[in-house]
Amino acid sequence: MATPVEKWVEEQARLAKPDKIHWCDGSEEEARTLMEIGMKQEKIGETPVFQELNHKTWPNAYLHRSHPTDVARTEQLTFVCHPTKDQAGPNNNWMDPKEAKEKLATLTDGCMKGKTMYVLPYMMGHPDSPYAKSCVQVTDITYVAVSMGIMTRMSKNVLDKIGNSENFVKGTHSVGDFDTNKRFIMHFPQDSLVWSIGSGYGGNALLGKKCISLRIASCLGQKEGWLAEHMVVMGIQDPQGKITYICAAFPSACGKTNLAMLESALPGYKVWTIGDDIAWLNVGPDGRLYAINPEAGFFGVAPGTSLKTNPNMVHTLKAAKVYPTLFTNVALDLDKNEPWWEGADGAVPKRVADWQGKPWTSEGGTKAAHANSRFTVSLYNAPTLSQEFDNPRGVPISAILMGGKRTQLIPLVMEAFDWAHGVFLGARIGSETTAAAAGHIGHLRRDPMAMLPFCGYNMGDYFGHWLNVGKKLKHPPKIYSVNWFRTDDDGRFIWPGFGDNIRVIKWILDRANGRVGAKETPIGLVPNVADLDLSGLKIAKDKMEKLFEVDRPGWQTELQSIDSFLSQFGDHLPAEIRCLRDDLAKKLG
Ligand code: GTP
Ligand code: SPV
Ligand code: MN
């Protein structure tokens, strides 16, 4: 008798019509075999799927060049197909599930002819964790199969664990012919199913990541009473050796990976990494909030990564203890056969091929590495990996940080009055797009809890769910807004950021332990500057104070912008959030 997984895989194969089906076990040996196939047999256009890099300087590292139109998540082609549009909310594209499946079935029909279908059984979370989920993905490209082996806990044991149950999260994926007109990333929360075609890019194709661990998982969390969040999970060890765990939500490319493994600028402090992108948060038996990282790897932004900004990541990328390290759409130093990107260590190499393999010089005015070029590497290679990473129960969270890139107005750090106020604070988080990324400078996009592109249901209801989870917590973590990105009149960052962010975290730990007071303002609690450890830093006192001032006219304009954002959720916006909004308006006068 075929198991439910076998039946589902057969169904996928009947539609996609692959030549062969290969069941993966996620082993390193298997990764090597798949890399060989990717180097010798499989191509995107004329480009092999994998190229070996210089293993003397970059052990076990490989280059992948994607299809040139397939370099980032495509939010406009991403849909959440609840039975009604209202359930998806104004934060999601919606299509009727039946219509969506018909469309996808047509596109999928025969899409794997001449190819192998790889079946990937994997866990999101530790297999022994009560919070983990069993998943199965099919795909037709080695890049995705190998990447999923790095990013998740993949093993044939997952099939035994699922056994005769129907309870597994399904992901069906094909790169199709990379045609952007035939690209869709569709979610079916009712069926615990993601169906993705036409893209091989990370968040579109590694379905365990944003699609399942955030969009589908947020819907499961709403039903089951927990939270799936776009957050770092990390431990901070203080000079006495005590480790406190925190989470941090920042929008894409706003500093999560860097924070998760920062090298402390303050002596005696040390950071331990649990996750850099996704946190699943559950109310523990003791009434505290517990976090696990469902993932097992980093899929991080390459540009800007160096020994100066993030030494621990450079060591991770070169460790090669487990699994290959993949580089996607970085540039290539042709003389040394090494990966290169803007902001890498050392001088610009003499002969460079850009991310598409074309000859590149610094005079041309283009970037050699794609701005969203990335690396894929196992968390087990990180020198900062926390001893608690494999703890099935997760770690108890004392503080939640939320932030984005705001060059003006938003203080360096601010504490919410309580959990509900923290939810309001998270709901109004926004981030400015940069000229490099989006074309227009200073365009502000509201991105509540950094989840706007990832919340799988109506975000008004999501705020309500956050409030409900808070009510179940006996010891809720304190919630903070942080902003590393304030600029001065010359457009330069005031705050040094990176390893110096520990100074802000130290204040947060001091608050958690009742060691320091704070100043009450209409917008929240801010530090007394004297309580911040600024030893060894040269920031003028007036600039430091600017980081905490409350610009009332500026906040009144901000409030109008918050109002117009929140109003789109209509009746779904909880009354409690409305009250907090009115309260802020009153306090601002
Ligand atoms: P995703 O993987 O897309 O979710 O991004 P992320 O949030 O993990 O962002 P990441 O840590 O990769 O940082 C993105 C960019 O922000 C990089 O170019 C970093 O160099 C820059 N950055 C990170 N932390 C800081 C900081 O504290 N200050 C400043 N000025 N820049 C930072
Ligand atoms: C992000 O965009 O937030 C990422 C990369 O972490 S992806 O996995 O592609 O979503
Ligand atoms: Mn992310």
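Considering only residues of segment 264-287 that are of a type in the set (D, E, K, R) and more than 16 Å from ligand 2 (Cβ to nearest atom), which is most open to solvent (accessible area, probe 1.4 Å)?
Taking segment 264-287 first, the residues of a type in the set (D, E, K, R) are 270, 276-277, 286.
Now narrow it down to the ones that are more than 16 Å from ligand 2 (Cβ to nearest atom): 270, 286.
On the way: K270: 80, D286: 61 Å².
Going through the qualifying residues, I end up with K270.
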- prompt: Is at least one residue of segment 513-529 within 16 Å of ligand 1 (Cβ to nearest atom) and either over 25 Å from D582 (Cβ atoms) or of a type in the set (K, R) (or both)?
  reply: no
- request: Read through the list (1) near ligand 1 (Cβ under 9 Å from one of its atoms); (2) closer than 20 Å to T384 by Cβ; (3) open to solvent by 30 Å² or more (accessible area, probe 1.4 Å), then give the number of the only condition that K242 fails.
  value: (1)
message: Quick test of your reading of the structure: V469 fulfils all but one of (1) more than 23 Å from the chain's Cα centre (by Cα); (2) under 30 Å from L193 (Cα atoms). Name the failing condition by number.
response: (1)
- prompt: Say we look at segment 76-90 and pick out the residues that are open to solvent by less than 20 Å² (accessible area, probe 1.4 Å) and in a loop (DSSP other than H, G, I, E, B); which of these is nearest to ligand 3 (Cβ to nearest atom)?
  reply: G89
- prompt: Does segment 221-235 include one or more residues that are over 25 Å from W195 (Cβ atoms), open to solvent by 10 Å² or more (accessible area, probe 1.4 Å), within 19 Å of the chain's Cα centre (by Cα) and in contact (Cβ under 8 Å) with a residue 40 or more places away in the chain?
  reply: no
message: Kindly evaluate L326 against the criterion of being within 16 Å of ligand 2 (Cβ to nearest atom), open to solvent by less than 20 Å² (accessible area, probe 1.4 Å) and in contact (Cβ under 8 Å) with a residue 60 or more places away in the chain.
response: yes
- prompt: Taking segment 91-131 on its own, how many of its residues are under 22 Å from E166 (Cβ atoms), of a type in the set (V, I, T) and part of a helix (DSSP H, G or I)?
  reply: 1
message: With the structure loaded, tell me whether F565 is in a loop (DSSP other than H, G, I, E, B), open to solvent by less than 40 Å² (accessible area, probe 1.4 Å) and under 23 Å from V413 (Cβ atoms) or whether it fails that test.
response: no
statement: With criteria (1) within 16 Å of ligand 2 (Cβ to nearest atom); (2) at negative phi; (3) not β-branched (V, I, T), W195 comes up short on (1)
query: When segment 56-75 is examined, which residues are found to be farther than 30 Å from P453 by Cβ and surrounded by 13 or more Cβ atoms within 10 Å (Cβ to Cβ)?
result: T57, W58, P59, N60
- prompt: When you look at G275, is it within 15 Å of ligand 1 (Cβ to nearest atom) and in contact with a strand residue (DSSP E or B) (Cβ under 9 Å, 6 or more places away or on another chain), yes or no?
  reply: yes
- prompt: Out of A368, A344, which single residue is open to solvent by 10 Å² or more (accessible area, probe 1.4 Å) and either within 17 Å of H64 (Cα to Cα) or part of a loop (DSSP other than H, G, I, E, B) (or both)?
  reply: A344
message: I'd like to check something: does segment 518-532 contain any residue that is open to solvent by 40 Å² or more (accessible area, probe 1.4 Å), assigned by TED's automatic domain parsing to the domain that holds R581 and among the acidic types (D, E)?
response: yes
task: Can you work out which of the residues in segment 419-440 that are in a loop (DSSP other than H, G, I, E, B) and either surrounded by 13 or more Cβ atoms within 10 Å (Cβ to Cβ) or of a type in the set (K, R) (or both) is modelled with the lowest pLDDT?
output: T434
query: What are the residues in segment 290-310 that are surrounded by fewer than 19 Cβ atoms within 10 Å (Cβ to Cβ) and touching an Asp or Glu at 6+ places or on another chain (Cβ under 7 Å), if any?
result: S306, L307
- prompt: Would segment 98-109 turn up any residue that is open to solvent by 30 Å² or more (accessible area, probe 1.4 Å) and within 16 Å of ligand 2 (Cβ to nearest atom)?
  reply: no
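The values are calculated or read from the model by the stated rules, or taken from the named source; none is laboratory data. Keep in mind that this is a model prediction, so the values were computed, not measured. A quick note on method: Cβ atoms are made from the backbone with ideal geometry, for glycine too, and the neighbour counts reach across all protein chains shown. Each accessible area value is taken on the protein alone, full model and side chains, heavy atoms only, with ligands, DNA and RNA left out. Shrake-Rupley method; radii C 1.70, N 1.55, O 1.52, S 1.80 Å.
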